[in-house]
1. Tell me, what HN-Hα J-couplings in whole Hz come from the Karplus equation 6.51 cos²θ - 1.76 cosθ + 1.60 at θ = phi - 60° for each residue of segment 63-72, using x for Gly and Pro?
2. Starting from the residue with the highest accessible area, list LEU11, LEU61, LEU32 in decreasing order, probe 1.4 Å.
3. Under 5 Å between amide H atoms, partner at least 5 residues away or on a different chain: which partners does ILE18 have, H built in plane at 1.01 Å?
4. Excluding ligands and nucleic acids, what accessible area in Å² is computed for ILE22 using a 1.4 Å probe, to the nearest 10?
5. Treating cross-link reach as a plain straight distance, find the lysines whose alpha-carbon is under 30 Å from the alpha-carbon of LYS93, omitting any fewer than eight places away in the same chain.
6. Suppose each label sits 7 Å from its Cα in the direction of the beta carbon; what would the TRP119-SER23 distance come out to in nanometres?
7. What net charge do the residues around LEU65 carry, taking every other residue with its C-beta under 14 Å from that of LEU65, with Lys and Arg at +1 and Asp and Glu at -1?
8. Please compute the length gained on full extension between GLN67 and GLU88, using 0.36 nm multiplied by the number of residues separating them and subtracting their Cα-Cα distance.
Amino acid sequence: YSQQRLEKEELDRSFMAIEAGISSMAYTYPILTKKPCVLLYLQNNSWDIALKNDIFYHPSLHIRLCQNEMESLEKIVYQLRKDKNYQEHWRNKIEHYCKEDMYHYGKASEYLVEWINQWYKKREIMENKEV
């Protein structure tokens, strides 16, 4: 899309997002607003299966609820809307994610250079091995 779908004022007024599928908004919303996104898993999978196969969920950005846990949603909504300590807890988690996992603030170039160096070192070792 060439236009923004949600205005900044709407994002500022919001206190959470809810996603029932895999969407980039589930990552974009927490980063932009410093508020979590609730991921709803409506399939009939057990919690153990969801945990094993879930590569989309990140604990610093998302609250994950399976179908059998939907009764918890009301409490989560209330906490995110009214509980200042809970809001601050999520803001801190998301800010930490942005600083340490997403951007490496000011250290991204160093991180990438080191990653590239390690990749080439592994490749050299593999090329020198006899098959």
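1. Going residue by residue, I get 10, 9, 10, 8, 3, 7, 10, 4, 5, 6 Hz, with x marking Gly and Pro.
2. On the way: LEU11 20, LEU61 0, LEU32 115 Å².
My answer, sorted largest first, is LEU32, LEU11, LEU61.
3. Amide H to amide H, under 5 Å and 5 or more residues apart or across chains, ILE18 pairs with VAL38.
4. 140 Å²
5. Within the straight-line cut-off, LYS93 pairs with LYS8, LYS34, LYS35, LYS52, LYS75, LYS82, LYS84, LYS107.
6. 3.2 nm
7. Working: positive: ARG64, LYS75; negative: GLU19, ASP54, GLU69, GLU71, GLU74.
In short, -3.
8. Working: separation 21, 0.36 × 21 = 7.56 nm, distance 2.71 nm.
Here the segment from GLN67 to GLU88 would lengthen by 4.9 nm.
The values are calculated or read from the model by the stated rules, or taken from the named source; none is laboratory data. What you see is a predicted model, and the numbers here were worked out from it, not measured in a lab. Every residue, glycine among them, receives a Cβ derived from its backbone with ideal geometry; neighbour counts consider all protein chains shown. When the accessible area is computed, the model is the full protein with side chains, heavy atoms only, and any ligands, DNA or RNA have been set aside. Shrake-Rupley method; radii C 1.70, N 1.55, O 1.52, S 1.80 Å.
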